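Only one structure is covered here, and it is reproduced in the block below.
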Amino acid sequence: MSGKLIILSGPSCVGKSPLSTALGRFFPEIKSSLKPLVLYNDRSPRPGEKDGIDYYFRTREYIESLRKNEKYIVLEVRGDLQALDIEELRESLTQADVFFEGNPFVGSILLELAKAEKIPNLNMFMSPISREEILFLLGSDSNIELQDLVTDVMRRKLLRRTRKQKSELSMKDLENIEKRASSAYDELGMACQFSYVIPNHDGEDSENWDAFYYPLGDALKSLQSFVYLYRNEESNHAETWEKGLLPDASN
């Protein structure tokens, strides 16, 4: 096994996908050296997604059947049923660095696998809020409920992203948005498991990724942080979160 496992996790719509896209545009030498880790998923493709590239889109029944095969890990993620092909990951690591960009539930499993099998890895978590902001809000005299705030932030991001993809939102769309937004706070509680946390206010709903020639704001800082860390250089933007930073969140 000669490759390194690169993990970029975070809540839905936090900005993982546009970072990956920007990496290919501005740092093609890095992106081309990374072999994507493709999971199985029972949901329908979003606009622009392709089978075998973004996910292996299969029926729920098919993915359920993979539970019988020990080379797969099957888990429920925000209402979607997903599966990881462990043998495919191991084979890919013999050829190149493998890049996982996705939810922290799978990211956490990959961390456990990397530890158990001594797989060299770089693991990062993208957050829609910074450690400084969390501490400020927890210490303020206001009656702000941090969990409610995070849920509302992610709900707005998800609504804007979905409206960019579709002209009209169905009841199923709204239910999916609420499920993902409600999951975000507990997912942030998992950030302490990762070596680096990259705060990013420019989620997938933000034009700062692609409206101009080069990313702006936190989009740029997040892209730079990924590149610096991949190159084993220091990132002044990346943070480390301690366990228990977010009250009542899963860790």
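Applying the selection to segment 66-103, what residues are of a type in the set (S, T, Y), surrounded by 13 or more Cβ atoms within 10 Å (Cβ to Cβ) and outside any strand (DSSP E or B)? Let's see the steps before the verdict.
First, pick out the residues of segment 66-103 that are of a type in the set (S, T, Y): 72, 92, 94.
Cutting the leftovers down to surrounded by 13 or more Cβ atoms within 10 Å (Cβ to Cβ) gives us 72, 92.
Selection gives S92 alone.
Can we say A22 is surrounded by 14 or more Cβ atoms within 10 Å (Cβ to Cβ) and assigned to a strand (DSSP E or B)? If you could, list the steps in order and put the result at the bottom.
Numbers: surrounded by 14 or more Cβ atoms within 10 Å (Cβ to Cβ): yes; assigned to a strand (DSSP E or B): no.
Taking the combined requirement at face value, the residue does not satisfy it.
For the subset of segment 174-204 comprising residues that are part of a helix (DSSP H, G or I) and among the charged types (D, E, K, R), which member is farthest from W241 (Cα to Cα)? Write out each step before concluding.
Let us first name the residues in segment 174-204 that are part of a helix (DSSP H, G or I), namely 174-188, 191-193.
Filter again for among the charged types (D, E, K, R), leaving 175, 178-180, 186-187.
Working: E175: 31, E178: 26, K179: 25, R180: 22, D186: 14, E187: 13 Å.
Checking each candidate, the answer is E175.
Which residue pairs have Cβ atoms closer than 7 Å, lie 6 or more positions apart in sequence or on different chains, and pair a first residue in segment 228-247 that is without any contact (Cβ under 8 Å) to a residue 24 or more places away in the chain with a second residue that is part of a loop (DSSP other than H, G, I, E, B)?
Within 7 Å, the pairs are Y228/E234; Y228/S235.
Counting only residues that are part of a loop (DSSP other than H, G, I, E, B), closer than 23 Å to R155 by Cβ and at pLDDT 95 or above, which one in segment 208-224 is nearest to the chain's Cα centre (by Cα)?
Here the residue is W209.
Please verify whether segment 225-234 includes one or more residues that are at pLDDT 95 or above, crowded, with 21+ Cβ neighbours inside 10 Å and under 14 Å from I129 (Cβ atoms).
There is no residue in segment 225-234 that is at pLDDT 95 or above, crowded, with 21+ Cβ neighbours inside 10 Å and under 14 Å from I129 (Cβ atoms).
Report yes if some residue within segment 146-159 is under 29 Å from P45 (Cα atoms), buried (at least 19 other Cβ atoms within 10 Å of the Cβ) and among the polar types (S, T, N, Q); otherwise report no.
No, every residue in segment 146-159 fails to be under 29 Å from P45 (Cα atoms), buried (at least 19 other Cβ atoms within 10 Å of the Cβ) and among the polar types (S, T, N, Q).
Do you know which residues across segment 167-183 are in contact with a Lys or Arg (Cβ under 9 Å, 6 or more places away or on another chain) and among the small types (G, A, S)? First the steps, then the outcome.
Just the residues of segment 167-183 that are in contact with a Lys or Arg (Cβ under 9 Å, 6 or more places away or on another chain), to begin with: 169, 173, 176-183.
Passing the criteria: A181, S182, S183.
The values are calculated or read from the model by the stated rules, or taken from the named source; none is laboratory data. Computed from a predicted structure; not experimentally measured. A quick note on method: Cβ atoms are made from the backbone with ideal geometry, for glycine too, and the neighbour counts reach across all protein chains shown.
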